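Here is the structure we will look at.
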Amino acid sequence: MKTKSVKKQKVNIVTLGCSKNIVDSEVLYSQLKANYIDVEHESANDDADIVVINTCGFIDNAKQESVDTILRYIDAKKEGLVSKVYVTGCLSQRYKSDLQKEIPEVDEYFGTMHLPQLLAVLGADYKHELIGERSLTTPKHYAYLKISEGCDRPCSFCAIPIMRGGHLSKPIEELVTETKNLVKSGTKELLLIAQDSTYYGLDIYKERKLADLLKSLSDIDGVDWIRLHYAYPSQFPLEVLDVMRERSNICKYIDMPLQHISDTMLKLMRRGITKNRTQELVDTVREKVPEITFRTTLIAGHPGETEKDFEELLRFVEQNKFERLGVFGYSHEEGTHSYSMQDSITAEEKEERIAQLMELQQDISASINQSKIGKTLKVLFDRKEGDYFIGRTEADSPEVDNEVLVKANHYVRIGDFADIRITHAEEFDLYGEPISL
Ligand code: SF4
């Protein structure tokens, strides 16, 4: 790492992993600012002398990235460029004692629920009055809204409940306050996130309350787009689809990880749903919300997955033509139920199955995109990159979905909507020009 001027008592927050970690880092960021501590998120010139790494402990690759990041800052500490390195987040929650042994140079490790303790070592007090307030690390026109923490589901392959604990919903009033504050700071698009968003309310209201929450958020002036992520298929609250259809500011978009389709695998994965009921649900979603963009994620190579199971999965994707699809290779995670099974499918075989699914999806996405040519779509612009302004339609969530590219000789405003006529389509991205400004 190059020599540089280091600012004393300045904190740099580094975030790894998912959108839920981004929200946790944003909360930490706001708390430090409210304590008049000089803080930056992912500082470009890395000039802070105190670093807080918010880690991910989900699957192998993510864990490796977290460890590499910790080691990078430990090297900086050895070079005298950093004085303190603190580690928090899921990897730290899950492997604290191992990490303390293997990387003792870290000043302190914190779990996912230890914000007050982390603030204390940074010389800050936890400010309760800040609940519902957050400094965004995303472009201010969109924000993640974490509606609950933890998960009560028994999915066999998943270590998240080990790291995040049981399901805990945030009260509707708190989320409404948080959203009003976000809108005041310029947020137009709200991305609802959780480990399992459809479980919302079952703990604090003793009933599923996602539909009511969506209504309350949709009633707030200034919210143009509300996007639903991490919907769980089993016992899916169908009333959510009615609210989605009826409210113009709720995106006709659903992210519902299905993980697999063969009955054998759904049973082994402890997903609490069958092939037929999954297909019924997918059909019902499409019936109740025509034009919906259905995003799903699948796991390839879970222990016990036979060629026949995988063929079934390929047929399922072919028949259902999901607008957006992500595929993960199974990761053998200690402490999960699947860990007691033999991880018999080789890494090469897993890669091969992922490639087959993504190849199929590439064709599906290409033909869906072709059908957009000549259409006018409402696009929210996120950034300018090279010769293009880059934005997203209602069908695209940030970071994970497709994008719309508009030549920079046209005038569009970052953080604003514009009507774009689609002129060209590729497998995943669309190209177009503004119709009127
Ligand atoms: S729903 Fe299943 S996969 Fe998702 S976080 Fe909970 S246990 Fe993990």
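The values are calculated or read from the model by the stated rules, or taken from the named source; none is laboratory data. These numbers were taken from a predicted model, which means no experiment stands behind them. Virtual Cβ from ideal backbone geometry, glycine too; neighbours counted across all protein chains shown. Ligands, DNA and RNA are stripped out before the accessible areas are found, and what is left, the full protein with its side chains, is counted by its heavy atoms. Shrake-Rupley method; radii C 1.70, N 1.55, O 1.52, S 1.80 Å.
Points worth noting:
- Long-range amide H partners of ASN12 with built H, under 5 Å: GLU40, ILE50, VAL51, VAL52
- Size of electric dipole in the range 256-314: Cβ of Lys, Arg +1 and of Asp, Glu -1, about Cα centre, debye, nearest 20: 300 debye
- Ordering VAL327, VAL404, GLN342 by Cα displacement along the dipole of the range 306-437 toward the positive end leaves VAL404 in first place; charges were set at the Cβ atoms of Lys, Arg (+1) and Asp, Glu (-1).
- Accessible surface for the chain, divided over its residues, is 43 Å² per residue with a 1.4 Å probe.
- Among THR88, THR179, GLY166 the positive-end extreme of the charge dipole of the range 71-185 (Cβ point charges): THR179
- Surface accessible to a 1.4 Å probe, ARG413 within the full protein complex, Å²: 130 Å²
- Using a simple spin-label model with pseudo-atoms 7 Å out from Cα toward Cβ, LYS378 and ASN61 lie 3.4 nm apart.
- Dipole size of the chain about its Cα centre, with +1 on Lys/Arg Cβ and -1 on Asp/Glu Cβ: approximately 940 debye, rounded to the nearest 20.
- For ILE226, the residues whose amide H sits under 5 Å from its own are LEU190, ILE250, CYS251, ignoring neighbours fewer than 5 places away on the same chain, with H placed 1.01 Å from N.
- Across the range 18-35, coupling constants 3J(HN,Hα) worked out from phi with the 6.51/-1.76/1.60 Karplus curve, θ = phi - 60°, read 8, 5, 5, 5, 4, 4, 4, 5, 5, 5, 4, 4, 5, 4, 5, 4, 5, 9 Hz, and Gly and Pro carry x.
- DSSP-defined antiparallel bridges as percent of all bridges, the chain, nearest 5: 35 percent
- With helices as the sole contributors, the chain gives -10500 deg cm²/dmol at 222 nm; each DSSP H run of n ≥ 4 counts as -39500 (n - 2.57), and the sum is divided by every residue.
- Choice from ILE292, ILE226, ILE373 showing the highest fluctuation, given a GNM over the chain with Cα pairs closer than 10 Å: ILE373
- The chain - Cys residues lacking any other Cys C-beta under 4.7 Å: CYS18, CYS56, CYS90, CYS151, CYS251
- Listed by chain and number, the lysines placed with their C-alpha closer than 17 angstrom to that of LYS267 are LYS275, LYS308; residues fewer than eight positions away on the same chain are left out.
- Cα-projected label distance for THR284 with TYR126, points at 7 Å along beta-carbon direction, nm: 4.0 nm
- Put simply, the amide H of GLY415, placed in the peptide plane, has neighbours under 5 Å in PHE381, ASP382, leaving out anything fewer than 5 places away on its chain.
- For the chain, the residue among LEU313, ILE373, PRO237 whose Cα projects farthest onto the positive side of the dipole built from Cβ charges is PRO237.
- Charge dipole (debye, nearest 20) of the range 267-388; +1 at Cβ of Lys and Arg, -1 at Cβ of Asp and Glu: 780 debye
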